[in-house]
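Take a look at the structure below.
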Amino acid sequence: MKFKVKIDEQFYWVDVKDIHARPVLAEVNGTIYEVWPQEEPSAVRPAALPSDPVQPPADLGASRSQPPAPAVQGNALLSAPLPGVIVAINVKAGDSVKVGQELCVLEAMKMKNSIKSNRDGVIAQVHVNPGDLVRHNQPLFSFEA
C-alpha cells in the first residue's frame, strides 16, 4: 500500500508492505525503514487513502513507539526501539516525567527520532550519553518503582 506523506513541507511516497507487522517495513525512495507505530488503545484512527496526503505528527519520532518495557528488579526500563546514535538527552536521574515526554533524540538512518516516555514516573538512571551508539532493545532509561 502506498501513502503520500508530508514531512517538513516536502512530500514522499511511502510503500508499506504489511501495516499489521511489527515492525512495519516502510520503503521511502528505495530505502527500507523499520517503523514501530504508536498504539492508541482507546481510539481507532481512520485509515488514510493511498492517494491522500498524510500529515505526520509534529516530529517523526512520535510515529514510533518503544517495544514494551520489561520490569527489572522493581524498575522498568525504556529500551531503544531501533539501533542508532544518541544525539541529545533531555532528562537526568531524579527528573519526574509524563507519558509522551521526550527523553532523548536517537538518530538512525539519517533521521532524528524522538524517544518518549512510555509511563509517568521518575527517572532512576540514564544508561546512555550523547554520542553513544546503541543497539536495538538496549536499555536507555530506568524508572523508579
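Observations
- The single residue among Asn113, Asn118 that is outside any loop (DSSP other than H, G, I, E, B), of a type in the set (S, T, N, Q), at pLDDT below 95 and not assigned by TED's automatic domain parsing to the domain that holds Ile7 turns out to be Asn113.
- Here Val105 fulfils each of the conditions (1) out of contact with any strand residue (DSSP E or B) (no Cβ under 6 Å at 6 or more places or on another chain); (2) at pLDDT 70 or above; (3) in the same structural domain as Asp132 (by TED's automatic domain parsing) apart from (1).
- Contact annotation: residue pairs with Cβ atoms under 6 Å, 6 or more positions apart or on different chains, pairing a residue in the stretch 69-89 that is surrounded by 17 or more Cβ atoms within 10 Å (Cβ to Cβ) with a partner that is of a type in the set (D, E, K, R) and modelled with pLDDT of 90 or more, are Gly84/Glu107; Ile86/Asp132.
- Looking across the stretch 7-23 at every residue that is closer than 15 Å to Met111 by Cβ and at pLDDT below 80, the one that is surrounded by the fewest Cβ atoms within 10 Å (Cβ to Cβ) is identified as Asp8.
The values are calculated or read from the model by the stated rules, or taken from the named source; none is laboratory data. A quick note: this is a predicted structure, and the numbers were derived from the prediction, not measured. Virtual Cβ from ideal backbone geometry, glycine too; neighbours counted across all protein chains shown.
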